[in-house]
Every structure is written in C-alpha cells, then in structure tokens.
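*Asks:* If you scroll down you'll find the structure; I have some questions about it.
Nothing in this text is a laboratory measurement; each read-out follows from the coordinates by a stated rule. Since the structure is predicted, the reported quantities are computational estimates derived from the model, not experimental observations. Note: ideal-geometry Cβ built from the backbone for every residue, glycine included; neighbour counts use all protein chains shown.
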Amino acid sequence: MSPAAARAPITFERWLVLVLNQTESRAGSDPEQPLDETKETRRFIVLSPKDSRPVFNCIECVSKKTTVPYPDVEIAADGCLFTKVTIARVGMIYTLSKKLAGIAALGTLRDSGIQRKIAIGLQVYLPHI
C-alpha cells in the first residue's frame, strides 16, 4: 500500500489548511519551494476549488517574525489551525501533487475577513490580463 493510500482521504477544497512535510513538498512543488531547515513541516492554504485534477494550488504560511508586507495577510493564532501568529504569503503560490504522502488536513479557514483579505491580496499580486 502506498503512503498516500494509507492516509485519510483529503478533499482539497478551497480554504483547507494543510500541513506538509517540507522535504517532500519542496521536491514535489512547482515552482520549487525554498526549504526552511529549522522546521520539518509547513502550513499551506488551498486556493483552488475542489476538482478532479491530480494537483492543487496553494499559498504558503510562515510564522510572523516582523511586520506583514502588503498584500500578505496576517492570521492570528487560534490554537488549532495556527499555533503562532502567521503570515499567509499570497505571492508564494505553489502547485502540489495530491499524492504527496506527507500531507495532513488540519481544517478549514472559516474567517470570512481573512478569506476576503487573501482574495484581495491575490488580485493585487496576480497580473491583470
């Protein structure tokens, strides 16, 4: 049985917060993510709606160290999805395989204010065609 088959099924719906093994996700991302050797895992927020593709689009979340540069979004620690004050980096969009073994779903980001800020940040970051 493959490691991906051993984990509980994940639906990869929009706003789902995932924790991924950094070494595995770095090797399987496009573009390749930077590796933070101080941490084994990293949180991501799924951007793409639930679909049948073998990949999903997401943004990375990092611990807040200083100020939050616009259009990144600060997320308060809630003790569940985020154990520390976090920055959702809307300019760091990755495409990852749903088959990575080191993925665990933590829950859904339900704060509509944070969702709106992320959506606005994505519009600011992404080029207008």
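*Asks:* Which order do peptides 80-86, 63-69 fall in by mean Cβ count within 10 Å, highest first?
*Replies:* Numbers: 80-86: 15.3, 63-69: 11.6.
Packing order, densest peptide first, comes out as 80-86, 63-69.
*Asks:* For the chain, find the longest principal axis of its Cα atoms and tell me its angle to the long axis of helix 112-125, 0 to 90°, nearest 10.
*Replies:* Between the helix axis and the principal axis of the chain, the angle is about 80 degrees.
*Asks:* Counting pairs on different chains as well as pairs 8 or more places apart, how many Lys pairs in the chain have Cα atoms under 20 Å apart?
*Replies:* Pairs that pass both the separation and distance tests number 10.
*Asks:* Might you report the magnitude of the Cβ-based charge dipole of segment 3-125 about its Cα centre, with Lys and Arg at +1 and Asp and Glu at -1, to the nearest 20 debye? Before the final figure, lay out the partial values.
*Replies:* Values: 17 positive and 13 negative charges, 48 e Å.
Using Cβ point charges on Lys, Arg, Asp and Glu, segment 3-125 gives about 220 debye.
*Asks:* Would you tally the net charge around GLN115, using a Cβ to Cβ cut-off of less than 14 Å, leaving GLN115 out, and scoring K and R as +1, D and E as -1? Could the numbers behind the result be given before it?
*Replies:* Details: positive: ARG14, ARG110, ARG116, LYS117; negative: GLU13, GLU74, ASP111.
In short, +1.
*Asks:* So how much slack lies between THR108 and ALA77, counting 0.36 nm per residue of separation and subtracting their Cα-Cα distance, in nm?
*Replies:* On the way: separation 31, 0.36 × 31 = 11.16 nm, distance 1.42 nm.
Difference between extended and current length: 9.7 nm.
*Asks:* Can you tell me the Rg and the Dmax, both Å, for the Cα atoms in the chain?
*Replies:* 14.1, 45
*Asks:* To continue, here is another question. Which far-off residues, 5 or more places away or on another chain, put their amide H under 5 Å from the one on VAL90, with H placed in the peptide plane?
*Replies:* For VAL90, whose amide H was placed from the backbone, the distant partners under 5 Å are ASP72, VAL73.
*Asks:* Under the rule of -39500 (n - 2.57) per DSSP H run of 4 or more residues, summed and divided by the residues of the chain, what mean residue ellipticity at 222 nm is obtained, to the nearest 500 deg cm²/dmol?
*Replies:* Working: 3 runs with 24 residues, N = 129.
-5000 deg cm²/dmol, from helical runs alone.
*Asks:* So how far apart, in nm, are the two label points at SER52 and ALA27 if each is 7 Å from Cα heading toward Cβ?
*Replies:* Distance between label points: 3.0 nm.
*Asks:* Among GLU74, GLU40, GLU13, determine the one that fluctuates most according to a GNM of the chain built with springs between C-alpha atoms less than 10 Å apart.
*Replies:* Highest fluctuation among the options: GLU40.
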